[in-house]
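Take a look at the structure below.
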Number of protein chains: 2
Amino acid sequence: MTATTSATEGISTEELQLALRNSGMPLEALRWSITPVGLHYLLTHYDIPAVDVATWRLEVGGLVKRALSLSLDDLQRRETIELPSTMECAGNGRARLDPRPVSQPWLTEAIGTAAWTGTPLASLLEEADLDESAVEVLFTGLDRGVEGGTSQAYERSLTAAEALEAGAILAWGVNGVPLPPQHGYPLRLVVPGWYGMTNVKWLHRITAIDAPFEGYQQAHGYRIRQEEDEPGTPVTRMVPRALMLPPGVPEFLTRRRFLESGSHVLEGRAWSGRGEIVRVEVSVDGCSTWADAVLGDAPGPHAWRAWSFEWQADPGEQVLSCRATDSAGNTQPLEPEWNLGGYSNNAVQRLSVTVE
Amino acid sequence: MTATTSATEGISTEELQLALRNSGMPLEALRWSITPVGLHYLLTHYDIPAVDVATWRLEVGGLVKRALSLSLDDLQRRETIELPSTMECAGNGRARLDPRPVSQPWLTEAIGTAAWTGTPLASLLEEADLDESAVEVLFTGLDRGVEGGTSQAYERSLTAAEALEAGAILAWGVNGVPLPPQHGYPLRLVVPGWYGMTNVKWLHRITAIDAPFEGYQQAHGYRIRQEEDEPGTPVTRMVPRALMLPPGVPEFLTRRRFLESGSHVLEGRAWSGRGEIVRVEVSVDGCSTWADAVLGDAPGPHAWRAWSFEWQADPGEQVLSCRATDSAGNTQPLEPEWNLGGYSNNAVQRLSVTVE
């Protein structure tokens, strides 16, 4: 069952435990187009497992004509590419919903962009040669835990078409260094444009299957629905979001921002898993009026795009917001769109600033 | 003013914001004697600053006979040592206090052990040649914010004797790589045995002064007191603590542990900034009875020491605890010792496990 609680009710100890063991990206790290290791968001469902790479293998099996068993060395001898990719937790924004779904209580910080190094998934699957009866490809991690009353390994599937066509890679490196334990050492899946739950860490098995995967993280978790007993629709690709690098300096406790009046350049980044970012707007009056920001570069086609906006800051209490629109016509709502699991809330950011 | 709230009251949005931008070490990372980069706890008072190392200098001045201005290259040409050191936030355990002091709401995860690379502070101060009138040495970071109503840089002092004798280093590397931004790039202070607030990040100025430093982080923050209007005593060195690597597998939301009955080896690490760890005890019955753990190695004299304990786990609900004692005779209390700022709460860990 998925529990919810009133948004005016404080965060419970269970939610706090999750907030403390999972890590958000402090928003000043929007400064970097590639998020430094240790600042990218992290959501670890169960525990980070210990992996001995000397005995670890990636097993590719199920409905394939040629099962494969590969060491990390075997994988690293294959075609190697670098994929800069923005990743966001599907639960980003959950703690802004009312009633609040009880799970990892993200505000807006469950994001990051990394340059992943790995080998294309598609060519590996082509080598394994999926049987015609294979409709999905299942990715199984070494991380284990209990959820929905069932002991399980973390696993998620893609349709065979998505697995072959989404541009996914199997990554063993990040930002030029070997994957650290918390990012899935020795190997993880990276599917550009999809929410974080798709990118299975500590990957050790890929299985071609003949029916849609009905495991917990696919059939129960990560579905958009209003009621517990409806099947809902699956959470898939990231909806657009723009975030702003908080200007000025913070107060320690409230994180309220303070800055001097005058001319400032507001900066941030925007992304979508459903199209290119074609527009970012900024509001400096609490979402009453909007003006276009100047779009900048992205470190790659699947990574966030920089934006900037010149602001003449007058003394007083100001509320700053930004709003992204993608080439498929998706844009951010001003208010959250509620769902039971608290997924995919891309309501615009509101940043309180005291201009002095 | 320091606010508190009832422990039964939920965590506020302000506390949650802090919990999400600061990072705890997931306790399964107790597995590593040196915490991998990205898993060490992080407490960033203000924002992580952007630093251009080409123009950055460390200025050593104030009451010295020979002021110094050093580039990172200059520093790296000096004597270089590696210092494995366990670091803990002074606020670790704060969220277990009742009433709860309102600040970063740590449970038990504000810890980590890193191998810092840098140059001894003492020899730099000897070269600068402290004037006889110098009683303290002040360390100023580039991070700025508002606290107690005052705009300030983060800064903390040590007495001249502590600065010369505590074995402190100025570190530019961690675990064999350059300091990442979140750990203080390009340079931070590391004072072995002291709580985290002492280890000033983004260090850019060292100033010898002729009176005890009265800045916010010294005279107001980080003091043990019961009432707002008493001066209190300063928070200094870490009191002992042992933590256990949670056995079995977790439930996602509750983090309750599940494991099979039978023989298990419980493992963890213990440290103190006030003496060597001489004893770790384990209780498997909710702190009713205790038995000695076997002590293992430490990666250095200022770093946590491994311990292990053989446990015959019977089916049922079990509560596991561990308790460290140091060579100065300090040991952990069973219940928290309350203070207004919520510092230095080293009450024993209690881990709920369902043995099946």
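The values are calculated or read from the model by the stated rules, or taken from the named source; none is laboratory data. Quick caveat, the model's predicted, so the values are computed rather than measured. Note that we place each Cβ from the backbone using ideal geometry, even for glycine, and neighbour counts take in every protein chain shown.
Tabulated data for the structure shown
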{"item": "Residue tally, condition without any contact (Cβ under 8 Å) to a residue 12 or more places away in the chain and either surrounded by fewer than 18 Cβ atoms within 10 Å (Cβ to Cβ) or assigned by TED's automatic domain parsing to the domain that holds B:G341 (or both), over the stretch B:177-218", "result": "2"}
{"item": "The stretch A:29-40, subset surrounded by fewer than 22 Cβ atoms within 10 Å (Cβ to Cβ) and within 7 Å of chain B (Cβ to nearest Cβ), residue farthest from the chain's Cα centre (by Cα)", "result": "A:R31"}
{"item": "Filter result (free of Cβ contacts under 8 Å to residues at least 40 places away in the same chain and more than 7 Å from every other protein chain (Cβ to nearest Cβ)) within the stretch B:3-22", "result": "B:T13"}
{"item": "Test result for A:I277, in the same structural domain as A:S33 (by TED's automatic domain parsing) and at pLDDT 95 or above", "result": "no"}
{"item": "Some residue of the stretch B:135-158 being surrounded by fewer than 21 Cβ atoms within 10 Å (Cβ to Cβ), of a type outside the set (F, W, Y) and in a helix (DSSP H, G or I)", "result": "no"}
{"item": "Residue count for the stretch B:19-32, restricted to those that are of a type outside the set (A, V, I, L, M, F, W, C) and either assigned by TED's automatic domain parsing to the domain that holds B:A306 or assigned to a loop (DSSP other than H, G, I, E, B) (or both)", "result": "3"}
{"item": "Filter result for B:A291 (closer than 28 Å to B:V102 by Cβ, surrounded by fewer than 22 Cβ atoms within 10 Å (Cβ to Cβ) and hydrophobic (A, V, I, L, M, F, W, C))", "result": "no"}
{"item": "Unique residue being away from chain B (no Cβ under 14 Å), closer than 20 Å to A:L42 by Cα and outside any loop (DSSP other than H, G, I, E, B) when the list is A:L170, A:L125, A:L164", "result": "A:L170"}
{"item": "Residue within the stretch B:50-60 that is within 12 Å of chain A (Cβ to nearest Cβ), buried (at least 21 other Cβ atoms within 10 Å of the Cβ) and in contact (Cβ under 8 Å) with a residue 40 or more places away in the chain present", "result": "no"}
{"item": "Among the candidates B:A114, B:A128, residue that is in contact with a His (Cβ under 8 Å, 6 or more places away or on another chain) and buried (at least 19 other Cβ atoms within 10 Å of the Cβ)", "result": "B:A114"}
{"item": "Meets criteria (of a type outside the set (S, T, Y) and farther than 26 Å from B:E147 by Cβ) for B:P105", "result": "no"}
{"item": "Top-ranked residue in the stretch A:210-245 [being out of contact with any helix residue (DSSP H, G or I) (no Cβ under 8 Å at 6 or more places or on another chain) and in a strand (DSSP E or B); ranked as farthest from A:G141 (Cα to Cα)]", "result": "A:A242"}
{"item": "Residue match in the stretch A:84-92 (condition: without any contact (Cβ under 8 Å) to a residue 60 or more places away in the chain and of a type outside the set (D, E))", "result": "no"}
{"item": "Within the stretch A:173-204, tally of residues that are hydrophobic (A, V, I, L, M, F, W, C), part of a strand (DSSP E or B) and away from chain B (no Cβ under 14 Å)", "result": "4"}
{"item": "Failed criterion for A:T44 (all others in (1) touching a Pro at 6+ places or on another chain (Cβ under 6 Å); (2) of a type in the set (V, I, T); (3) under 23 Å from B:P36 (Cα atoms) hold)", "result": "(1)"}
{"item": "Listing of strands (runs of 3 or more DSSP E) fully contained in the stretch A:250-293 that carry 1 or more residues being within 14 Å of chain B (Cβ to nearest Cβ) and of a type outside the set (V, I, T)", "result": "A:257-259, A:262-271"}
{"item": "Residue among A:T159, A:T198 that is of a type in the set (V, I, T) and within 24 Å of A:W56 (Cβ to Cβ)", "result": "A:T198"}
{"item": "Verdict on A:T325 being out of contact with any Leu (no Cβ under 7 Å at 6 or more places or on another chain), under 30 Å from A:E82 (Cα atoms) and part of a strand (DSSP E or B)", "result": "yes"}
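Yes or no, residue by residue, for (1) at pLDDT below 95; (2) closer than 21 Å to A:A160 by Cα:
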| position | (1), (2) |
| --- | --- |
| A:I206 | no, yes |
| A:P212 | no, yes |
| A:Y216 | no, yes |
| A:E228 | yes, no |
| A:P240 | no, no |
| A:P247 | no, no |
| A:R256 | no, no |
| A:S261 | no, no |
| A:H264 | no, no |
